[in-house]
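**Q** After the structure tokens below, expect a handful of questions from me.
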Amino acid sequence: MRGLDEFSVITGNRRAVGLLLWAAAFVAMTGVNVMGQGFGPGGPPQSPKAGAPSDLTGYWVSVVVEDWRYRMLPPTKVKPPAPGIFGGGIGVPVNPQALKVALAWDPDKDEAAGEQCKSYGATNLMRVPGRLHITWQDDQTLKIETDAGTQTRLFHFGPTQDGGGDWQGVSHADWEALEGLQVPGLGRLSGIGSEKTGSLKVVTTKLKPGYLRKNGIPYSDKAVLTEYYDVVTEPDGATYLLITSTVEDPVYLMAPYQTTTHFRKQSDGSGWSPSRCTSR
Amino acid sequence: MKKITSAVAFAAVVMLSHPAFGQGFGFGAPISANTGIDISGTWSYGGEQDADYGTAAGSVGDYGGIPLNEAGRLYALAWDASRMTVRQQQCAGYGIPYAYFSPGNFRFWEERDPHTQQLVAIHMWFQTSEVRRTIWMDGRPHPPAWAPHTFAGFSTGTWDKNVLTITTTHLKRAWLRGNGVPYSDEATVVEKLVRHGDRITVFTVTKDPVFLDEPYSKTMINLRNIKDPTAWLYACEDGEEIVGRREDKVPNRLFGKNPYMREWADKNGVPLLATLGGGITTHPEFAAKLKDAGAAEAEAMKEIVPKPGPEQTSRAVNPDPNDADIHVWKVQGNVYLLIGDGGNIAVQVGDQGAFVVDSGAGKLSDKVIAAISKLGKNPIQFVVNTSFHPDHTGGNAALGNAGQDPSLPGSFFGGQAPTGATGFFQNPGHHATLIAQNNVLVRMEAAKLPNDMIPPDTYLENRRRKYHNGELVEIFYQPNAITDGDSIVQFRRSDVIATGDIYDTTRYPFIDLKSGGTVQGEISALNSILNKTGYEHDEDGGTLIIPGHGRISDEYDVAEYRDMIAIIRDRVQSMMDAGATVEQVKAARPTADYDTRFGATSGPWTTDMFVEAIYNSLKQSASAQAARN
């Protein structure tokens, strides 16, 4: 606040300056709401849908590049050695308990138990090759449907009655913002204001235990999935959806498991082909 | 009152600078202005994803998820890991985007104008292979097509909210994966860097008309280092890894005969087709193609050798602007490139007259002379011809007559010429001196070209040398390469070599068999160039090369060209050893992995002509050897 004091000294009229700066702060805070979920300039509160800084809706198709062998090829059982920060070569920072579970992976058993969707839970669903159909279910809820496994994820921007406990758990969403108002000459003032970046942040909990990969690498019901959704456009007009994910699981992971996945936007629903979960 | 007015103005700026009032208003503009999010600091690859592919890893025959076209796939399958023992490959830098996969650290830092604090550039340093990179943020254009290429390329950037978009051109031929999967020097890369707290999501889209059938898009994570990791260097010195290997031997695998092609597929229990890459392997539907093992195997067998059918033509941009104008580019030191009149022209300037290598096709000689006159205060003194071909000698008369050689008047030549002498002796020193290897003179006289086009000052063997404009200029004879009269010219202090058509970035070498050219002579000439070059840093920079046609290059580019010719020669020789006729060799497409970069199906130098030249050159060589025995 030293800067404010100095400015007051310069003007010689603290009361007038104070009023003006508070006015500025008020307007700035109003602006926060313009950018966030609150009030527009003189208007009603904007819904997450109406105030969306980027458009995620439409049909998207996987571009299967990252971890290609684990996603595109039929799953094979994890081979020890394994535990370690780099997953002993399997690319997932599993702990010994997780390795034990993975080594016991039996897709036939999963199918017999009707558990063939274990690798279609939220932690891995976006990695499954296929297509997404993203729509607004209502002003507060973004819906992602997948043709692979015929799954649905709901991203709630506000409170929800959803109790979770299924493959997709409960997802809370918010448009990412840089907290704090940027005031020229004074830096960023924490506690007042924010600026949207265009990214959607989604935190998912209350998951039914399943697989991080099709070959039985497990996650538990304690897992927390944090995702960022970004839409970028290439100079040639091609539009991509980037998903940056982190899974933290105190039961099975030694460190956060971080991945990135991307999709290319389609002009329509061509290729949309709903299919059942498979364990292989 | 005046002070109150100032306060009002301050408050107004605060208010107006906030996003509620739009974006980009002066210094209060937030993350959408050209400064964007600050990414300065040190970062490392978040290596869990694609952990198998960090640095020079990846198995031979593991190309799934990479949209290789036929040329790219065949290039990778012909790659032999021993290629890394070739001197120019040992310390080659990592290109963009491959550098992001380095297991080492990298750093961003900003460069700002000290007076305005506007962002000028974001600099990057990758630890592994010490990639130095500048991302220009000041709106400058990319260089012209004839400018040099580097492993990091030329990058410009813009911010949009929290996304930094970087566009990179002028890349060298480098790796998409360290198992021989290439991208070409025609590739462009667009990166999106999105910062989320202490991580950056990097999204790269590589477009390459030469080796890819779709854009290669890929994401990865970089994690912020809280503490400086201190490891920033990557010491590399090249050396003789295979002692006694002939200079013209380049390790490679013949098409369809790579013994390790199935190794990765077998190890992972998947069909070979799954491993061969192609845009289709990135599509969700690809998995279904693998279910019929027999069909997948049959398809794979078609993919590992050149497909029968029409040859492919180059998809590279021709660096020659073809706009009826002459373009000047400073190469380095005292040497410039003049491009636009057919063959490239090299010009060295200084206190003495201009020293010119080749005179172009002669269609724009007036503009060439005007451009040279702007580079130095003295007229053209010497013109060296690298061969007798008309795209390098066409401007001889015009450039010669526009110049003068002040070393001649008052010398023996000036004082001793008999009365009534003609040609060179008629008026020595009143035009530039034309120099070439003697066979150039012989061939131009045989073609009955005008006297003032024919270089009278010739040499026979080894080299000519002159100390001119403050540096040693050496002219080296390269026997039986493109023709029997080829020269290269080395500017020692400027550290530039003009190669003539021995090195040409626009086409396969124009081996003119009927004028004495041979494939072995061509490879030897390229090795002769490489024995005179050095690099500044990890096969970038150092000695710069002016080719007969095309863009400015360095030793790595020349080595790639040498490797290509040696590899194609080996394929042709192998087929000849098996008794193939020239037509059978052409039909087998031994150039299939290079045609999208250098091939032609029409014009003065087609791929078929090149293959025929190699075939006949090898046949002549074998006949000569048999005669000697």
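The values are calculated or read from the model by the stated rules, or taken from the named source; none is laboratory data. It should be emphasised that the depicted structure is a prediction, and the values quoted were computed from it without experimental measurement. Counting neighbours? That spans all protein chains shown, and the Cβs are built from the backbone with ideal geometry, glycine included.
**Q** Is there a residue in the range B:100-118 that is outside any loop (DSSP other than H, G, I, E, B) and under 22 Å from the mean Cα position of the chain (by Cα)? Let's see the steps before the verdict.
**A** Going through the range B:100-118, the residues outside any loop (DSSP other than H, G, I, E, B) turn out to be B:100-101, B:105-112.
Still in the running and under 22 Å from the mean Cα position of the chain (by Cα): B:100.
There is at least one residue in the range B:100-118 that is outside any loop (DSSP other than H, G, I, E, B) and under 22 Å from the mean Cα position of the chain (by Cα).
**Q** A further question on this structure: For the subset of the range A:96-151 comprising residues that are of a type in the set (D, E, K, R) and within 12 Å of A:G210 (Cα to Cα), which member is surrounded by the fewest Cβ atoms within 10 Å (Cβ to Cβ)? Outline the logic, then answer.
**A** Here is the first cut: in the range A:96-151, the residues of a type in the set (D, E, K, R) are A:100, A:106, A:108-111, A:115, A:118, A:127, A:131, A:138-139, A:143, A:145, A:147.
Next, from what is left, pick out any that are within 12 Å of A:G210 (Cα to Cα): A:110, A:115, A:118.
Numbers: A:D110: 21, A:E115: 17, A:K118: 23.
The extreme case among them is A:E115.
**Q** When only residues in the range A:259-274 that are within 10 Å of chain B (Cβ to nearest Cβ) and small (G, A, S) count, which is farthest from A:W105 (Cα to Cα)?
**A** Filtering the range A:259-274 for residues that are within 10 Å of chain B (Cβ to nearest Cβ) and small (G, A, S), the one farthest from A:W105 (Cα to Cα) comes out as A:G271.
**Q** For the range B:297-312, enumerate the residues that are of a type outside the set (D, E) and crowded, with 17+ Cβ neighbours inside 10 Å.
**A** Of all residues in the range B:297-312, those of a type outside the set (D, E) come to B:298, B:300-302, B:304-310, B:312.
Result: B:A300, B:I304, B:V305, B:P306, B:Q312.
**Q** With of a type outside the set (F, W, Y), outside any strand (DSSP E or B) and either farther than 22 Å from A:T260 by Cα or within 14 Å of chain A (Cβ to nearest Cβ) (or both) as the only criterion, which of B:L193, B:L223, B:L233, B:L176 stands out?
**A** Residue meeting the stated conditions: B:L233.
**Q** Would you mind stating whether A:G216 is at positive phi, in a loop (DSSP other than H, G, I, E, B), more than 8 Å from chain B (Cβ to nearest Cβ) and without any contact (Cβ under 8 Å) to a residue 40 or more places away in the chain?
**A** Working: at positive phi: yes; in a loop (DSSP other than H, G, I, E, B): yes; more than 8 Å from chain B (Cβ to nearest Cβ): yes; without any contact (Cβ under 8 Å) to a residue 40 or more places away in the chain: no.
In short, no.
**Q** Within the range A:223-254, take every residue that is under 19 Å from the mean Cα position of the chain (by Cα) and assigned to a loop (DSSP other than H, G, I, E, B) and give me the one that is nearest to the other protein chains (Cβ to nearest Cβ).
**A** Residue satisfying both the conditions and the ranking: A:D249.
**Q** Are any of the residues in the range B:156-166 within 19 Å of the chain's Cα centre (by Cα) and outside any loop (DSSP other than H, G, I, E, B)?
**A** Pass one, the range B:156-166, residues within 19 Å of the chain's Cα centre (by Cα): none.
Scanning the range B:156-166 turns up no residue that is within 19 Å of the chain's Cα centre (by Cα) and outside any loop (DSSP other than H, G, I, E, B).
**Q** Just to be sure before I move on: is B:A300 part of a helix (DSSP H, G or I) and either at pLDDT below 95 or out of contact with any Ser or Thr (no Cβ under 9 Å at 6 or more places or on another chain) (or both) in the structure I sent?
**A** On the way: part of a helix (DSSP H, G or I): yes; either at pLDDT below 95 or out of contact with any Ser or Thr (no Cβ under 9 Å at 6 or more places or on another chain) (or both): no.
When the stated conditions are applied, B:A300 does not pass them.
**Q** Considering only the range B:308-426, give the helices (runs of 4 or more DSSP H) lying wholly within it that have at least 3 residues that are modelled with pLDDT of 95 or more and in the same structural domain as B:D495 (by TED's automatic domain parsing). Talk me through it step by step, then tell me what you get.
**A** Values: elements: B:365-375, B:390-393, B:396-402, B:412-416.
Answer list for the range B:308-426: B:365-375, B:390-393, B:396-402.
**Q** Here is a follow-up. Do any helices (runs of 4 or more DSSP H) entirely within the range B:547-629 hold 2 or more residues that are among the small types (G, A, S) and assigned by TED's automatic domain parsing to the domain that holds B:E70, and if so, which? Show your work before the answer.
**A** Numbers: elements: B:555-577, B:582-587, B:595-598, B:607-628.
Here the list is empty.
**Q** I'd like the full set of residues that are part of a helix (DSSP H, G or I), in contact with a Gly (Cβ under 9 Å, 6 or more places away or on another chain) and of a type in the set (V, I, T), limited to the range B:261-297.
**A** Correct list: B:T275, B:T281, B:T282.
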